[in-house]
1. Show me, for the range 73-81, the HN-Hα J-couplings you get by feeding each phi into the Karplus relation (A = 6.51, B = -1.76, C = 1.60, θ = phi - 60°), rounded to Hz, glycine and proline as x.
2. Can you compute the charge dipole magnitude of the range 38-165 about its Cα centre, using +1 on each Lys and Arg Cβ and -1 on each Asp and Glu Cβ, nothing else charged? Give it in debye, rounded to the nearest 20.
3. If r is the Cβ-Cβ distance from ASP375 to ASP196 and R0 is 60 Å, what FRET efficiency results, to the nearest 0.05?
4. Report, ordered by chain and residue number, the lysines lying within cross-link reach of LYS43, taken as a straight Cα distance under 20 Å and ignoring same-chain residues fewer than 8 apart.
5. On full extension of the chain, what length is gained from SER141 through LYS204, given 0.36 nm per residue of separation minus the C-alpha to C-alpha distance?
6. Which residues in the range 449-483 place their backbone N less than 17 Å from a point set 7 Å from the Cα of ASP384 along the Cα-to-Cβ direction?
7. So between ALA247 and ASN458, what do we pick up on full extension, going 0.36 nm a residue minus the alpha carbon distance?
8. Carbon and sulfur: what percent of the chain's accessible surface (1.4 Å probe)?
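The values are calculated or read from the model by the stated rules, or taken from the named source; none is laboratory data. These numbers were taken from a predicted model, which means no experiment stands behind them. Don't worry about glycine lacking a Cβ; one is built from the backbone with ideal geometry, like all the others, and counts go over all protein chains shown. Surface accessibility is based on the protein's heavy atoms, side chains included, excluding ligands, DNA and RNA. Shrake-Rupley method; radii C 1.70, N 1.55, O 1.52, S 1.80 Å.
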Amino acid sequence: MVFPVIGGDGKPTGYEIDNSLRFNDGDSPELSKTLGTATNRKKFTISLWFKRTTLSVAQYLVAAGTNNASDIDEIRIHSGNYVNFAGYDGSTTYKIRSAALLRDTSAWYHLVVNFDSTQGTDTNRLKMYINGEQVTSFTDSNTYPDQNFEPVFNENTPHNIGRNLNGSSYNDGYMSDFNFIDGQALDASYFGETNDNGVWIPKKYDGTYGNNGFFLEFKQTGTSANSSGIGADTSGNDHHFSVTNLAAIDVTTDTPTNNFCTLNPLINSNGTYTLSEGNTKFIGDGSNGWNTTIATMGFSKGKWYWEQKFTQITGGASFAGLVKDDVDHSDNDISGQDDNEGVLYYANAGKYMFGNGGTYESDGEAFGDSFDDGDIISVAADLDNNKMYFAKNGTYQGSGNPSTGTNGLPISEGSYGLVAGSFTFVFPYAGAFYANDGCEWNFGNSSFSISSGNADANGYGNFEYAVPSGYYALCTKNLAEYG
C-alpha cells in the first residue's frame, strides 16, 4: 500500500492534472478513432499515466489495426503484470516486454513508448520508459522492427483506447494525460520530471503533435465525438474520440497530481469479494462468512471524511468503520473483534461496536438508526481527538456533530476499541456477510451518482453531503498537509 505523495511541495513546473477517466471492464468501455494521413508513419510517441485496479489479468491501454491476427499494434499490461508492446503485420512481428512488475494498485504509473524505425541500431527503434526511467531489463528476448518499417500505430486505421482489437479484453483502471505524438520519437523528459523529493511527476508537453497527434485530458463529460465529449482532443487537431459505455460519472479527479483513496484488492479476505468501478465498489460472495476489505490509504492523525452507499444488505449484516493496519482479514469473522483492532457502525441495530474480546452485536452500544439498501453512511473520523461520527443520509446519529466535536463516539474506551497509541495506521473498513451484499465507496471520486455535490475546504472531492468543518477527503494532497 505504497503511494507517492504527488502534488505536494517541490513541483518544478507546477503542472497540475485535473482529471482522469475511469474504465470498468465489466461495462466494455472504450474510446475509438480512425486516424488520417500521418506526418511520418515511421515515428511516433505515446505518453500516458495509468492507475491499476486489478492484477494478473491482461489490461489493454491502446490498440490499433483491423485484424487481430495479422494487422495490429497494442500496448497492454500483460497478465504477468508487466508492460507489453507488440505488433504484427502478417510478416513482421516485433515486441518488447518490461521485466518490471507493476503491482501497486494504489499508485499512478507513467508510461512512454517511442517508435523510430529510421534508426540504424535496432534497439533504438523501439523504446519504453516507466516513471521516467528507460526500460533496459526485459522478460524475454525482444524483437525489433526492420529499419524504416511503418507500424499500424499512426496509420489510417482504427485506434482503440481501453480495449484490445477484437473487443475480448478491456481496461480496468484509470488513465490520464494521454498524449499521442505523430512524427517524433520523444523520451520521457518531455512529459515528466523529478521533483525535489525524488518523485517522478507530470510535466506539460509543449511541443507539436503532427497530423495524427492528439491530447486527451478527459475534462469534458459528453458522450459524442466532439469538443464537449469525454474523448475530446485538446491538441488543436480536433481528433475527437467516440465514446462507448463511458459516462460523466467516469470522469474523475483522481489523478497523478492528486491521488485519491480506493479499495485494496490485495487484502487476504475470508471468502471472496469483488471490486469494480475503479476499486470503489465492494461486493461480497457470502460463501464463507464475513468478507471484509479496507482502503489503500491509512492515517494516524487528522480528520477525514468519506461516504459509503450500501447497495444491498441482507439481515442487517453489514457495517462501516475503522480497522488497524495489522489485522488478519482471513478469519471467518469480523476482523479484529477479539483483539481490540476495529470499531464499526453495524447496520442491523444501529450499534457502535468495539473489538473487545466478545461479539460485536451483543456488546455494541445502540446509538442510532439501523440502515439498509440504498442508504448513504457518512463517516467522519477524528484521529486528533479519537472520536468517530456516522451520519445516515445526512443526519448524524446520536446527536453527533463532527464540526463542533459534540457527542463523538469513542475510538477507544478503556481497553476496548482502537486503544489510543496501540496502532500505527487505521484504514476505512467495511464488511458484508451474505452473497451480493456490499457498498459503493466515495472518497471524493464517487462511482455513484451525486445529486448535490460538496467538496472539502480545500476544494477536493465530490460528495453527496456536506463535509464537516475541519475534515478532509482522503487524497495525497490532503494527506501531505494533514496526515
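1. Along the range 73-81, the couplings run 10, 8, 10, 9, 8, 5, 4, x, 6 Hz.
2. With Lys and Arg at +1 and Asp and Glu at -1, about 360 debye.
3. Between ASP375 and ASP196 the formula returns 0.85.
4. Excluding near neighbours in sequence, the set is LYS33, LYS95, LYS127.
5. 19.3 nm
6. 456-459, 467-475, 478-483
7. 73.4 nm
8. With neighbouring chains kept in place, the figure for the chain is 39 percent.
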